[in-house]
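Inspection log for the structure reproduced underneath, given as structure tokens.
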Amino acid sequence: MKSGFYSKAAVAVIILGILLRAVLSFTNTISGDACWHDTAAKFIAEEGKFPLYEQVGRDEPFWPPPLFHIITAFFYSLFGEPGLKIAPFLFGSLALIFSYKLLRKMMGETATFYATLFMAFIPIAVDYSVLGYVDSIIPFFTIAAIYFAIEKRFVMSGVMAGLGILAKYNVIFLIPVLMYIAWTKSNKDSRWKNVIIVTAIPIIISLPWFIRNWVLLHNPIWPFLNFVFHGYEAFPRGAYSGISLVNLSSIYTYVMIYLGFFGVPDGAYWLFFFYNIPYIWILISLFLAGTLIFVVPLFFGFGRNKHRKIFYVLIASFMVLFFLFELNVRPAVSRIMLPALIGAAFVYGNGMEKIMKKYPQYSKIINIVIIVAIVGFIFAESIKFTSATKSWNFYKDDFEWIKSNTDKDSVFLMSSQCIPLRIDRKSVFPSLSIDSNDYDYVWVNQDFRLEPQSRLSDEYIKKIESKNPQTVYSNNRTKTSILKVQN
């Protein structure tokens, strides 16, 4: 290929990657943990303060570092509901641009192209440029921090890392990487000074939130490692108060992690069977074949490159986080490793460059195979988001009835992160409020597959029935009922 071809192709890939993110971002329906985060952002925008014990989507205190929520609250205050979708798309696109800038400084033109292709279209990167999770903004801060450290702009690097930590605890594990870069990129006279800069600045920026959680929840990183800090014990979910080897010893953990990188939400393999799809096993086989072919270059990418140790330290640091998470929390959340994805892209780009040099006669076939795999990813992502939107739209009549027939300040009893966002009403959880008079209506749908946790237990139903509620709405198609409680 002529010099400059791969650079132009990389720019085209970035543009296509951003367009894909734009289409998916503004046509998808908010769901999952994004509902919790967006509800908290709306609370911040409307109340002008951070929630704590207010029930903004979960029956636990509000503990996550708040940068994502602050940014989303800002966009919500400007644009209303559409503003909730801006932050993931904006920062996901910026992460893609900065990943190219960083990789181009550290790799050849060909390797950078394939690394950029990896970052643009691997499903986990697309997902968290669309979904309103706090994870959606941390790749940008991670990549920017490394980029500025390589440029020897250590103060700016520390600022980016601090903002990243203020978005999610995970980014603490970036600090060893920045320390390594500061040490190796500095002369003898400034090594310690620069190491202190990239360590102290992130701590200073993020410290107020850790202090807040220490004071209010008695654990600076609540709910993680709560058995160490003896912090606030949440009920019924509870904090993470133990160590177990079960997750690390289970094959399902690693299957779920693999699937999570290729777009299966949290690697939940049972979601393949959520819809009654014909020939599902054939589709699963094609999916697995495509992903396995796509990852082959990763096995060729570990080799000589003067910058490789930076990315190896990055991957190793977040592997430590992964093991801690598996030991203390729950299995297989692939997004834990999202800040290290740029390291995998670096290895991938090197691997593709090696393959192309070793087998130049097969270069066209290899490129076609990779393109087919990527087209498959785009198709699967589009189907996934479209299906999720259709699933939520099935209950649109229920949501519209509530918004049209109940007062704006009505309170609903339900165990849901997402329904309150759709009905634009405050909610309280049965686990905290079933015995109180703090609610006016009860959402009842014992077949609600989109959020199984919203189904009421027999115990809760009996307590609600003791209040002699009146059924004010019933939908035989969706099996939703709305009960008005006589307080």
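Some notes on this structure:
- Positive minus negative residues near E465 (Lys, Arg vs Asp, Glu; Cβ under 15 Å): +1
- Cα gyration tensor shape of the range 396-484, rounded if a/c is under 1.5, else prolate or oblate by comparing a/b with b/c: rounded
- Peptides 250-258, 199-207, ordered by how many other C-beta atoms sit within 10 Å of their residues on average, highest first, read 199-207, 250-258.
- Stretch gain in nm, segment K358-A268, where the contour uses 0.36 nm per residue and the Cα spacing is subtracted: 28.7 nm
- Sorted by Cβ density within 10 Å, fewest first, the residues H230, H307, H37: H230, H307, H37
- By the beta-carbon count within 10 Å of each Cβ, the least crowded to most crowded order of V333, V126, fewest first, is V333, V126.
- Separation between Cα centres of the range 43-98 and the range 353-429, rounded to whole Å: 18
- Rounded to the nearest whole Hz, the Karplus-based 3J(HN,Hα) values (6.51 cos²θ - 1.76 cosθ + 1.60, θ = phi - 60°) of the range 167-173 follow the sequence 9, 6, 3, 3, 5, 3, 6, with x at glycine and proline.
- Contact order relative to length of the range 5-391, as percent, for alpha carbon pairs under 8 angstrom and 6 or more apart: 18
- Helix 138-150 axis versus longest C-alpha principal axis of the chain: approximately 30°, rounded to the nearest ten.
- Counted by neighbouring Cβ atoms within 10 Å, the residues R455, R191 run from fewest to most as R191, R455.
- Sorting 411-423, 46-58, 278-290 by their mean Cβ neighbour count within 10 Å, with the most densely packed peptide first, gives 411-423, 46-58, 278-290.
- Subtracting the Cα-Cα distance of W401 and K188 from their residue separation scaled by 0.36 nm leaves 69.8 nm.
- Counting only Cα atoms, the chain measures 75, 56, 46 Å along its principal axes, largest extent leading.
- Contact order relative to length of the range 24-105, as percent, for alpha carbon pairs under 8 angstrom and 6 or more apart: 25
- Against the empirical curve 2.2 N^0.38 Å, the C-alpha radius of gyration of the range 1-93 lands at a ratio of 1.41.
- Candidates S466, V428, S334 compared by Cα position along the dipole of the chain: farthest toward the positive end lies S334, with charges placed on Cβ.
Computed from the coordinates by the stated procedures, all read-outs in this text should not be read as laboratory data. No experiment lies behind these values; they were computed from the predicted model shown. For neighbour counting, all protein chains shown are included, and Cβ atoms are generated from backbone atoms with ideal geometry for every residue, glycine included.
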